[in-house]
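The values are calculated or read from the model by the stated rules, or taken from the named source; none is laboratory data. None of the values given here were measured: they were computed from a predicted structure. Cβ: placed from backbone, ideal geometry, glycine included. Neighbour counts: every protein chain shown. Only protein heavy atoms, including side chains, enter the accessible area calculation; ligands, DNA and RNA are left aside. Shrake-Rupley method; radii C 1.70, N 1.55, O 1.52, S 1.80 Å.
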Amino acid sequence: MAIPLIGIPTYATLSNTTHRPLYANNRSYARAVQRAGGAPVFIPLSEDDYLGAICETLVAKLDGLLLSGGADIDPASYHEERLPFCGAIEPERDALELALTRKAMERGLPIFGICRGMQLLNVACGGSLYQDIVSQRTESLRHPQMEHPRDYRAHSIRIDEKSRLATILDTQTHQVNSLHHQAVKDAGAGLTVTAWAEDGVAEALEARDYPYALAVQYHPEELVESDPLSHALFVAFVEACRK
Ligand code: MN
């Protein structure tokens, strides 16, 4: 049985030891895809002016696209001024992920978005974001719980019973980790919010009338060893990529 190829875009960073520039992403994404039966492929950033052609070539070979967590998306991508509490941005990464996502959607490729990846999917479809939950939604519970281990289950979510997420997890509530200070504001074209934290902050996003595009605001890749439902999310994605 062929193993689906799952593209995972990277970001620019520096080696801790040699200080040389790297394109990298967290091992936990690659491991979670492998555990679920997929073959992860890390995709470097591109400084070339033929980014569109590179994305076209990649998307033609890939069976699925995993959009990972990471830095904030440039608010210019959703036509807003950058507010003081917006974090550092990485324009080259935005460019690669937006181009890849749009090409992938033209081809009906399965997409799994995680944290920034959920926000990226939303922006790629014309949606907008809260640039900082703490300052823009002052009644919210504390979503950026970075001081805890990454698998710390910070809050519960309520899942729309008719959603794909509820079908995969076979539940309408779940306890999840929370490592984000931004969130989806208005959903993009063709997208629906399908899970919420107790304070109404969006915790999952799905595409209607599309083969498979599901995104979560939490980090299931950090939970796969302790939480069978997080593993199930990766299995469902890899199965969709197999078709
Ligand atoms: Mn949260």
With a 1.4 Å probe and every protein chain left in place, work out the accessible area per residue of the chain in Å², rounded to a whole number. 46
In region 24-72, chymotrypsin sites (Phe, Trp or Tyr not before Pro) in a DSSP loop with at most 11 other beta-carbon atoms within 10 Å: TYR50
In whole percent, how big is the carbon plus sulfur part of the accessible area of the chain, probe 1.4 Å, protein atoms only? 51
Descending Cα extents along the principal axes, region 11-109, whole Å: 42, 38, 26
With 0.36 nm assigned to each residue of separation and the Cα-Cα distance removed, ARG82 to ALA232 gains 50.3 nm
Reduced to Cα centres, the span from region 1-56 to region 170-188 in Å works out to 24
Among bridges DSSP assigns within region 5-242, what percent are antiparallel (round to 5)? 60
Residues of type lysines that LYS162 reaches as a straight line, Cα spacing below 20 Å, ignoring anything fewer than 8 places off in the same chain: none
Place the peptides 12-18, 180-186 in order of packing, highest mean first, counting for every residue the other Cβ atoms within 10 Å and averaging per peptide. 180-186, 12-18
Project the alpha carbons of region 91-213 onto their principal axes and report the range along each, largest first, in whole Å. 37, 36, 25
Once the in-chain neighbours fewer than 8 apart are removed, the aspartates and glutamates whose Cα is under 17 Å from LYS185 read ASP72, ASP74, GLU80, GLU81, ASP132, GLU139, GLU198, ASP199, GLU203, GLU206
Need one number: nm distance between label points at HIS148 and GLU161, each 7 Å from Cα along Cα→Cβ, rounded to one decimal. 2.8
Percent relative contact order for region 5-242, counting Cα pairs under 8 Å at least six residues apart, stands at 20
With a 1.4 Å probe and every protein chain left in place, tell me how much accessible area MET146 has, in Å² to the nearest 10. 100
Rg and Dmax of the chain, Cα atoms, in Å? 16.7, 50
